[in-house]
1. If you check 55, 45, which single one turns out to be over 30 Å from residue 227 (Cα atoms) and assigned to a helix (DSSP H, G or I)?
2. Condition (residue is assigned by TED's automatic domain parsing to the domain that holds residue 107, modelled with pLDDT of 95 or more, part of a strand (DSSP E or B) and buried (at least 20 other Cβ atoms within 10 Å of the Cβ)) applied to segment 136-154: is it met by at least one residue?
3. Can you pull out every residue in segment 184-230 that is over 24 Å from residue 97 (Cβ atoms), exposed (fewer than 15 other Cβ atoms within 10 Å of the Cβ) and in contact with a strand residue (DSSP E or B) (Cβ under 7 Å, 6 or more places away or on another chain)?
4. So residue 237 clears everything in (1) closer than 25 Å to residue 91 by Cβ; (2) not assigned by TED's automatic domain parsing to the domain that holds residue 80 except one condition, right? Which one?
5. Specify which of the listed residues (111, 130) is touching a strand residue (DSSP E or B) at 6+ places or on another chain (Cβ under 9 Å) and at pLDDT below 95.
6. Could you check segment 195-246 and list, in sequence order, the residues that are modelled with pLDDT under 90, in a loop (DSSP other than H, G, I, E, B) and within 23 Å of residue 181 (Cα to Cα)?
7. For segment 96-122, name all the residues that are part of a helix (DSSP H, G or I), under 17 Å from residue 73 (Cα atoms) and in contact with a helix residue (DSSP H, G or I) (Cβ under 6 Å, 6 or more places away or on another chain).
8. Kindly establish whether residue 50 is without any contact (Cβ under 8 Å) to a residue 60 or more places away in the chain, within 22 Å of the chain's Cα centre (by Cα), within 28 Å of residue 129 (Cβ to Cβ) and surrounded by 14 or more Cβ atoms within 10 Å (Cβ to Cβ).
């Protein structure tokens, strides 16, 4: 490759073309590509590489601890869970296109997080930004941001994710101030982003761990206004997926 071409490719950040330059020319020569076909092939290849790199970056930023997939989710271990209902909701994808929330409620170990993660991964695969966060860590970060005057910055960051998975809501009690911050975040995301939530508590029990009945009522009214609720309270514990994505 000519050095000037190499420098221009680096300047333009066309890494795929830079890395595959010789292979592409050899392929074009072997296949007798026309100029139009060669240019089209180069552009398609560069676009494919950039999409793959962008997806890897979105996945890294999402901080997903265990990448469950809907294709390998052990529905056979949950006979009381409607696979048809869950997969229809997953395939429709309107939790993203219509910015609706999905809430999974059920006992510990029944697979709520696995399903929620599969929905989050689908959004990331389709080009949306996403993030996984434990509820306890989220409210702790929000509360700490008040002290260092970075609350607006933290709210903006969590409010900007196209799809936010808040896991294990209700596993720990929070102070009233923390509950208020949690409400502020969900209020910010309401009708503008999709929020995925897993909880071991039914809605009637939320007032106890949030320690604010009036705020809880307002929160649930806002949260469930445009949400899908998947009740897994009668489901049993399941094993982890056999082949999670690395």
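1. Details: 55 fails: over 30 Å from residue 227 (Cα atoms).
Selected residue: 45, the only one of 55, 45 that is over 30 Å from residue 227 (Cα atoms) and assigned to a helix (DSSP H, G or I).
2. Among the residues of segment 136-154, not one is assigned by TED's automatic domain parsing to the domain that holds residue 107, modelled with pLDDT of 95 or more, part of a strand (DSSP E or B) and buried (at least 20 other Cβ atoms within 10 Å of the Cβ), which makes the answer no.
3. 202
4. Failing condition for residue 237: (1).
5. None of the others qualify; the one that does is 111.
6. Of everything in segment 195-246, those that are modelled with pLDDT under 90, in a loop (DSSP other than H, G, I, E, B) and within 23 Å of residue 181 (Cα to Cα) turn out to be 211, 212, 224, 225, 226.
7. Residue satisfying the conditions is 118 alone.
8. When the stated conditions are applied, residue 50 passes them.
The values are calculated or read from the model by the stated rules, or taken from the named source; none is laboratory data. The model shown is predicted, which means the values in this text are computed figures rather than measured ones. Positions of Cβ are backbone-derived with ideal geometry, glycine not excepted, and every protein chain shown enters the neighbour counts.
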